[in-house]
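The values are calculated or read from the model by the stated rules, or taken from the named source; none is laboratory data. For clarity, every value in this text was computed on a predicted model and none was experimentally measured. With ideal geometry, Cβ positions are generated from the backbone for all residues, glycine too; neighbour counts draw on all protein chains shown.
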Ligand SMILES: Nc1ncnc2c1ncn2[C@@H]1O[C@H](COP(=O)(O)OP(=O)(O)OP(=O)(O)O)[C@@H](O)[C@H]1O
Ligand SMILES: [Mg+2]
C-alpha cells in the first residue's frame, strides 16, 4: 500500500487505516497544557489535528490549562503566583484573574480556532450545565484551590450527539456557588473516567515522562500502571508532572483504556502518536 505524507517528518501508511477503523466512535479526552500553547501557529495546528480526529468519527473533549498566561496576568497585577506540589494555590484575589484568563480568554480563543475549521465547539467552564461540582482541596477558606467532587456528563452527551466539541476550562463551583480553580489535568482525568473514555491524552511541554527531567533521551515510551505508581515513590516526578501522573493513575483505575503524555510543542505530535505505530510520547496502560 502507498504512503500518504502528512509532513516531512512522517507519513501515514496502511497501519493508519487500521487505527482509524479502530478509533471510529471512540471517545478521547485531551488536555492541552498552557505550557504547550505559547506558539500561536502550533496552537492552530493542534486544533487542526483535533478537528481531523473529530472528522474521523472520534468524540473529542478538550480540557485546557493556561498556567503560563495566568502567571503573566498575575505578574502584571503584582500578585505572586504560588504552587504546592505542582498545583496552583489560589487565593480570592488570584481566583478572579484565573477565572477571567481561563474562561474569558483562553477558552474563547480555542473555540474560535475550531470555528476556523468549520467545527461547532462550545466553550464551557465546570459551572455550565452543572458539569463539575467542586469542593475545597484545603481546609483554609481563603484557598480556592479545588478538587472534583462529581461530574455531570449530561451536557457532554448532548454535545456529542450533535457532533459538537466541548472545550472546557477547569473552573467550577460548589453547591453554595463558591468558585474554585481545579488543576486541569485532574479535571480531564475525572471527565475521562466519567465518560469511560478510550483515551486520555495530556499535551505538555515535555516529550513525555522523563526519567531525568533534564535529558529528553530518558523518555519512558511505554509504562504500566504499576510502574507509574513506583515512579512517584522514586522521586522522578516533580512540579506540574505530579498532578499529571496522579491523573493518569486515577483515569486508568477508572477503566480509561490508555493515557498518553505527549509534547504539544512538536508539529502534529497528536497525529504521530495516535495514527502511527511509531509513537512519540509516553503511553501508559493498565
Ligand atoms: N519526570 C518528569 N518528566 C517530564 N516532566 C517533568 C518531570 N518532572 C517534572 N516535570 C515538569 O512538569 C512540567 C509540566 O507540567 P506543567 O504543569 O508545567 O505544564 P502543563 O500541565 O502542560 O500546563 P498547565 O499547567 O498550564 O496546564 C514540565 O515542564 C517539567 O518541568
Ligand atoms: Mg500543569
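A compact table of results
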| read-out | value |
| --- | --- |
| Residue match in region 220-228 (condition: within 16 Å of ligand 2 (Cβ to nearest atom), on the phi < 0 side of the Ramachandran plot and in contact (Cβ under 8 Å) with a residue 24 or more places away in the chain) | no |
| Filtered residue count, region 26-39, keeping only those that are more than 15 Å from residue 274 (Cβ to Cβ) and either in contact with a strand residue (DSSP E or B) (Cβ under 8 Å, 6 or more places away or on another chain) or more than 16 Å from ligand 1 (Cβ to nearest atom) (or both) | 5 |
| Qualifying residue in region 11-24 (condition: farther than 15 Å from residue 106 by Cβ, touching a strand residue (DSSP E or B) at 6+ places or on another chain (Cβ under 9 Å), more than 16 Å from ligand 1 (Cβ to nearest atom) and modelled with pLDDT of 95 or more) | yes |
| Subset tally (residues that are away from ligand 1 (no atom under 14 Å from the Cβ), more than 17 Å from residue 273 (Cβ to Cβ) and touching a helix residue (DSSP H, G or I) at 6+ places or on another chain (Cβ under 9 Å)) for region 41-60 | 3 |
| Selection count where residues are within 16 Å of ligand 1 (Cβ to nearest atom) and under 21 Å from residue 50 (Cα atoms), scope region 147-189 | 10 |
| Elements of type strands (runs of 3 or more DSSP E) in region 29-144, at least 2 residues being closer than 30 Å to residue 267 by Cβ | 59-64, 121-125 |
| Which numbered condition residue 250 fails, given (1) closer than 26 Å to residue 45 by Cα; (2) at pLDDT 95 or above | (1) |
| Where a residue in region 169-194 is over 15 Å from residue 29 (Cα atoms) and without any contact (Cβ under 8 Å) to a residue 60 or more places away in the chain and its partner, wherever it lies, is in a loop (DSSP other than H, G, I, E, B) and away from ligand 1 (no atom under 16 Å from the Cβ), with Cβ under 8 Å and at least six apart | 172/127; 172/131; 173/127; 178/144 |
